[in-house]
Amino acid sequence: MRIQRSASERGRVDVGWLDSRHTFSFGHYHDPKWMGFGPLRVINEDRVAPGGGFAPHRHANMEILSYVLSGALAHRDSLSDAGGVLRPGELQWMSAGSGIEHSEFNGSDSEPVHFLQIWIQPDRSNTPPAYAQRAFDPQARRDRWALLASPDGADGSIAIRQQAWLRGVLLGPGETTDWALQPQRRYWLHVAQGAAEVDGRMLSAGDALGIAEETGELKIRGAGDEVADVLLFDLPV
């Protein structure tokens, strides 16, 4: 079973300082057909203007990943007074657990920031809040899958509280990779930047493909003129 989520069909919120596209129902955007995919609950593609940002707000019992595509994303949370800045090539994880307050804002007064915010429902509730941030070498992702997040932090990935794996690959035009599908898992493939051909189906930036109950090889090829940044979520059924 495969379902395609086209970038152009996503929900949209534009409030001036924030231009956001919602893959799944979020906030004022609600579509009962798009409530998530297994424990993957949110993929928001956000563009925040210079000086803009989200005021402090509270979360609980959610695994929150931030992935910057361009610019700099600054954050502050109730675990630490120091805060930090996230840049392209880095992944930030915040496990809201029993409850945490945080804010996110553009780390630049002159350039916009473009990033993905991803929510995954945890497999346990009311754990102590936790946080991690890690940089990943782009060369280690070129033409091959790199493990970014996993349940056990294998291969230098960030350990998250769900039986889910997030992998990423960078593919130049004509470069290829594949993935062996398992019928007891479900997969969500999201093209973050560029364009890719997935089993003969063309996907552009923001497009996604959900896969369940399948075996065989998923074949992916970089297409277009720029390097494709492709994320693959390996999720429990």
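Before moving on, here are some points about what is shown:
- Global form of the range 15-144, assessed from the alpha-carbon gyration tensor, a/c cut-off 1.5: rounded
- Rounded to the nearest 20 debye, the dipole magnitude of the range 151-237 is 260 debye, with +1 charges on Lys and Arg beta carbons, -1 on Asp and Glu beta carbons, and the Cα centre as origin.
- Residue-span extension gain [His30 to Arg124] - 0.36 nm each, minus C-alpha spacing: 31.2 nm
- Order of Thr127, Thr177 - criterion: other Cβ atoms within 10 Å of each residue's Cβ, fewest first: Thr127, Thr177
- Placing +1 on each Lys and Arg Cβ and -1 on each Asp and Glu Cβ, with no other charges, gives the range 2-236 a dipole about its Cα centre of roughly 460 debye.
- Long-range tail of P(r) for the chain (Cα pairs > 28 Å, %): 26 percent
- In terms of the mean number of neighbouring beta-carbon atoms within 10 Å, the peptides 140-150, 111-121 order highest first as 111-121, 140-150.
- Dipole magnitude of the range 177-227 about its Cα centre (Cβ charges: Lys, Arg +1; Asp, Glu -1), debye to nearest 20: 160 debye
- Backbone N within the range 37-62 under 19 Å of label point (7 Å from Glu90 Cα along the Cβ vector): 46-54
- Summarising the label geometry, the points placed 7 Å from Cα in the beta-carbon direction at Ala154 and Ser204 lie 3.7 nm from one another.
- Relative protection proxy for 188-197, 84-93, from highest mean packing down: 188-197, 84-93 (other beta-carbon atoms within 10 angstrom).
- Distance (nanometres) between label positions extended 7 Å along Cα→Cβ at Val13 and Arg58: 1.9 nm
- The range 2-236: relative contact order in percent, alpha carbon pairs under 8 Å with at least 6 residues between: 19 percent
- Fewest neighbouring Cβ atoms within 10 Å first, the residues Tyr67, Tyr131 line up as Tyr131, Tyr67.
- For peptides 203-211, 97-105, 31-39, sequence by mean Cβ density within 10 Å, most packed first: 203-211, 97-105, 31-39
- Here the extension length gained between Glu213 and Glu111 equals 32.4 nm, from 0.36 nm per residue of separation less the Cα-Cα distance.
- Here the simple spin-label model places points 7 Å from the Cα toward Cβ, and for Ala180 and Arg144 these points are separated by 1.7 nm.
Readers should treat all values here as calculations from the given coordinates under stated rules, not as data from a laboratory. These figures come from a predicted structure and were not determined experimentally. Positions of Cβ are backbone-derived with ideal geometry, glycine not excepted, and every protein chain shown enters the neighbour counts.
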